[in-house]
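Colleague: Below: one structure in structure tokens.
Read-outs throughout are calculated quantities, based only on the coordinates presented, and are distinct from any laboratory measurement. Being a predicted model, the structure only gives us computed values, none of them experimental. Methodologically, a virtual Cβ is constructed for each residue, glycine included, from the backbone with ideal geometry; neighbour enumeration extends over all protein chains shown.
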Amino acid sequence: MNVLDHVYTVTFVLLGMAVLLTLYRLVRGPSVMDRILCLNATSVLLISFVAVEVAVRGDSAYIGLVITFALLGFVGSLTAARFAERRAHDRG
Amino acid sequence: MTAADVVTAVTLPLGALFAFVGTVGLVRFPTLLGRVHAATKPDTVALILILVGAACQLPDVRVAALLALAALFQMLTVPVLAQTIGRVAYSRGEISEEHMVGDELAEALERGDRPEHRPGRLDEPT
Amino acid sequence: MSADEGGERAVDEATAGSGAAGAEAGRRRTPLQRMLGRLPTIAWLTLMWVILWGDPSPGTVVAGAGVATAGYAAAKLPHLPVGLRFRPLHVLLLVGHIVWDMFASSVQVSVHALWRPERMRGVIVEVPMRTDSDLLLAMVTGGLSLITGSLVIELNREEGVLYVHGTPIESERSVRQLRRQVRRTEKLFVWAFGTAADIEEFEREERREAEREARGAAEALPGAAEADDKEDPR
């Protein structure tokens, strides 16, 4: 069990650093498409966090969240991308 | 430590590593298309690994089926998103020529095929 | 089990319909055929309902089937002639191929992310497709975009040509490799899910290409086959 605790710590630290890097790209841009990409990456990382949390607790109460995040993140990013396309067409 | 624990101990950090390196690529790659590659797909591999690792710690097959469902959704949605972003980035001209060896789509567009402006496309605002 | 069999039959019938091209699509279907056509979707929705409910008791299954049927009727989805087969062995081959490619190319891109990312080059190549089925083309593009090295940018439906962005590209050799990978993925998808008619068409196209290439080689011009490929004399 002790080994698994270390495993969880390493996983959380790596995922946390990934989130920080994603936020950096989210703030810096430069393009709207970059930000949409970061939005999607963040949602995937969130799902990973919840999944690891599920493993830590051995408890299934949060699994609904995993699926909800997965679908909401996809719909949100896709809508944003299509909207960006529409804007580009209107401009040019 | 059971076999399931060993699988978890391998897949969870490996998945997190994939997610982390993919994000490093998201920050470091100079082109938008390169960033699309780095952000969407190592993330998928990472998520699948992490879901496998988490499923091994669950007492019940029924709950593991839910995680498998999440992995399936991810594998269905990621290509759609990557393709949409790629197409939009291309049509907005947000690709840098200097990082490309060749571009046969541009050549085709010059020849007059114009695949992105043919009639009958539902999503093309006229 | 009976739902499964019904699904299989429905797919068969739909296949027979799509074989006779557009004329068949306008024909009115009997209520029984319409019911059978809906069964696979309803079975899938019911399965999701049961998984999300986390309890495979008969009550849940019946309730799920009820909700799925009601939802299906309310949504008034259009009928698509689904012409697909399922060859377990080839599907296994395809899944193995995709999983391996996903891992291998994820590692490849990761290495580039850590070591000199500014040097990474990409390329957009034009790859003619040999199949002409809408569903198969959609599957191929999805499968390619799932693999880390490649991303479909555009699909020219009339001529059946894919425009694929690939990365990392170091030399002419990796460009050729990318083309080959796209073609191989297409072949695997056609063999795994295509109907007999699809495979027949695929092989016809392949023979035609081979003939064209042989002619190109006979003229003994370097790259003649490539140029011929692009011109598409159909």
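Colleague: Just how large is the dipole of region C:88-231 about the Cα centre, in debye to the nearest 20, putting +1 at every Lys and Arg Cβ and -1 at every Asp and Glu Cβ?
Modeller: 700
Colleague: Between A:L71 and C:I199, what is the spin-label point distance in nm, taking each point 7 Å from the Cα along the Cα→C-beta axis?
Modeller: 3.6
Colleague: Starting from the Cα of B:R62, step 7 Å toward the Cβ, then list every residue of region C:47-81 with an amide N under 16 Å from that point.
Modeller: Residues C:47-64 fall inside that zone.
Colleague: Ok, one more. For A:L23, A:L46, B:L51, what ranking results if the residue with the fewest other Cβ atoms within 10 Å of its Cβ goes first?
Modeller: By the 10 Å Cβ count, ascending: A:L23, A:L46, B:L51.
Colleague: Have a look at A:L23, A:V50, A:S60 and report the one farthest towards the positive end of the charge dipole of region A:1-64, computed about the Cα centre with Cβ charges (Lys/Arg +1, Asp/Glu -1).
Modeller: A:L23
Colleague: Along the three principal axes, how long is chain B when you take its alpha carbons, biggest first, rounded to the nearest angstrom?
Modeller: Each principal axis gives a Cα extent; for chain B these are 63, 34, 19 Å.
Colleague: Now for a separate question. Could you give the dipole magnitude of chain A about its Cα centre, charging the beta-carbon of Lys and Arg +1 and that of Asp and Glu -1, in debye to the nearest 20?
Modeller: That gives a dipole near 480 debye.
Colleague: Still on this structure, please answer the following. Hey, what number do you get for chain B at 222 nm if only DSSP H runs of n ≥ 4 count, each worth -39500 (n - 2.57), divided across all residues, to the nearest 500?
Modeller: -25000 deg cm²/dmol
Colleague: Relative to the compact globular guide of 2.2 N^0.38 Å, what is the alpha carbon radius of gyration of chain A, as a ratio?
Modeller: Relative to the rule-of-thumb radius for its length, chain A sits at 1.35.
Colleague: Treat the count of other C-beta atoms within 10 Å as a stand-in for reagent exposure and order C:Y163, A:Y8 from fewest to most.
Modeller: Going from least to most buried by this count: A:Y8, C:Y163.
Colleague: Going by Cα centres, region A:54-76 and region C:84-140 are how many Å apart?
Modeller: After rounding, the separation between the Cα centres reads 27 Å.
Colleague: With r defined as the distance between the Cβ atoms of B:L76 and C:A218 and R0 fixed at 45 Å, what FRET efficiency is calculated, to the nearest 0.05?
Modeller: Step by step, r from the Cβ atoms, then E = 0.50.
Colleague: May I pose another question? Using modelled backbone amide H atoms (1.01 Å from N, in-plane), which distant-in-sequence or interchain residues come within less than 5 Å of C:V152's amide H?
Modeller: C:S145, C:H165
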